[in-house]
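To start, the structure under review is shown below, and the notes come after it.
The values are calculated or read from the model by the stated rules, or taken from the named source; none is laboratory data. These numbers were taken from a predicted model, which means no experiment stands behind them. Here the Cβ is made from the backbone with ideal geometry for all residues, glycine too, and neighbour counts use every protein chain on show. Accessible surface is based on the protein model in full, side chains and every heavy atom, while ligands, DNA and RNA are left aside. Shrake-Rupley method; radii C 1.70, N 1.55, O 1.52, S 1.80 Å.
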Amino acid sequence: MSGFQLQRLGQIMEPEPGNPHEVEGVLNPGAARGPDGELYLFPRLVARGNYSRIGVARVKFNQAGDPCGVERLGIALEPEADYERLPNGGGGCEDPRITFVEPLQRYVMTYAALSSVGPRIAMAVSEDLFHWKRLGLATFAPYDGIDFVHVDNKDASLFPVAISNHAGKMQMALLHRPLFPGTRPEETACETASREVDLDHESIWISYCPMPLTGGETRRPGLFNSHHRLATPGVALGAAQNRSRHPARFKPGTAG
């Protein structure tokens, strides 16, 4: 057992009255320590019509050293690129995750970009957490008949160091949660009968690509491949270790 204990401290940020960027909520923040040692939040700011931006806020601490509020500093990203916008003027930059990637010596943000094709994983890079350069959408190679390209995908997060892939190459590693048709929580949560779980299509995956660094300038990452199913629904261990060509039987309420 570790010596760590979790203590709930309460809410440190809520929608600011009168702020049109936040009328439908502030949620799902990423967090990172800046070069100045300060702790920064990157919340999803939801305006009317589910139009989402990614904000920047400095965390404030009380005398006991506990976080007690935030100082809003502005917007990190808002929908500007085609892959972040809807034809009706809506769109979204949502649910950021911030990692200081040591081999790059830069912060890399992964976030969900919402366009007419649905949410996709996008990436941006920064040296100071305040100025962000878009790197575009993450791209994926197919794997054993599984199409990661034409499905919704989100909740991505990068490792801070290079990770060895299945071939022993040290590469950038990405956790992600593809959402295949028929597997969304809203599509399965109300089912009362047992159903077959396709482990390949209902799991968290890890994928790899070469480090996108050439001549000191960070460019768009290459194709993510070397896919590996990392975390599966809470089923029997033996079934979880098998390929989904032999789906596991799943009863509602048993997922981990």
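So what J values fall out for segment 85-95 if you push phi through Karplus, 6.51 cos²θ - 1.76 cosθ + 1.60 with θ = phi - 60°, rounded to Hz, Gly and Pro as x?
10, 9, x, 7, x, x, x, x, 10, 10, 6
When the label point is put 7 Å from the Cα of residue 102 along its Cα-to-beta-carbon vector, which residues of segment 168-202 have a backbone N closer than 20 Å?
168-175
Tell me, what HN-Hα J-couplings in whole Hz come from the Karplus equation 6.51 cos²θ - 1.76 cosθ + 1.60 at θ = phi - 60° for each residue of segment 20-32, using x for Gly and Pro?
Here the 3J(HN,Hα) series is x, 6, 10, 5, 10, x, 10, 7, 6, x, x, 9, 7 Hz.
If the chain between residue 33 and residue 161 were fully stretched, how many nm would it gain, using 0.36 nm times the residue separation less the Cα-Cα distance?
44.4 nm
Within segment 1-94, list the chymotrypsin sites (Phe, Trp or Tyr not before Pro) lying in a DSSP loop whose Cβ has at most 10 other Cβ atoms in a 10 Å radius.
Passing sites in segment 1-94 are 4.
Please check which bits of segment 94-129 a label hung off residue 211 would reach, taking the label as a point 7 Å along Cα-to-C-beta and the cut-off as backbone N under 11 Å.
101-106
Among 68-79, 176-187, 102-113, how do they line up by average Cβ neighbours within 10 Å per residue, starting with the highest?
102-113, 68-79, 176-187
Using a 7 Å offset from Cα along Cα-Cβ at residue 63, what residues in segment 1-40 end up with backbone N under 12 Å from the label point?
Inside the label zone: nothing.
Give me the distance in nm between label points sitting 7 Å out from Cα along the Cα-to-Cβ direction at residue 117 and residue 195, one decimal.
The two pseudo-label positions are separated by 2.6 nm.
Can you tell me which aspartates and glutamates have their Cα less than 18 Å from the Cα of residue 133? Leave out same-chain residues fewer than eight positions away.
Partners found: 78, 80, 82, 84, 94, 95, 102, 217.
In terms of solvent-accessible area of protein heavy atoms at a 1.4 angstrom probe, what is the ranking of 154, 133, highest value first?
The ordering from most to least exposed comes out as 133, 154.
Heavy atoms only, 1.4 Å probe, whole protein assembly: order 198, 82 by accessible area, highest first.
Result, largest first: 82, 198.
Using each residue's phi in segment 154-161, evaluate 6.51 cos²θ - 1.76 cosθ + 1.60 at θ = phi - 60° and report the 3J(HN,Hα) Karplus result to the nearest Hz, with x for Gly and Pro.
6, 6, 7, 8, 9, 7, x, 10
Skipping prolines and chain starts, which residues have an amide H placed within reach, meaning under 5 Å, of the one on residue 152, given they are 5 or more residues away or on another chain?
179
Taking 0.36 nm per residue of sequence separation and subtracting the Cα-Cα distance, how much length would be gained by fully extending the chain between residue 128 and residue 141, in nm to one decimal?
Result: 1.5 nm gained on full extension.
Select from segment 1-57 those trypsin sites (Lys or Arg not before Pro) which occupy a DSSP coil region and have at most 15 other Cβ atoms within 10 Å, ordered by residue number.
8, 48
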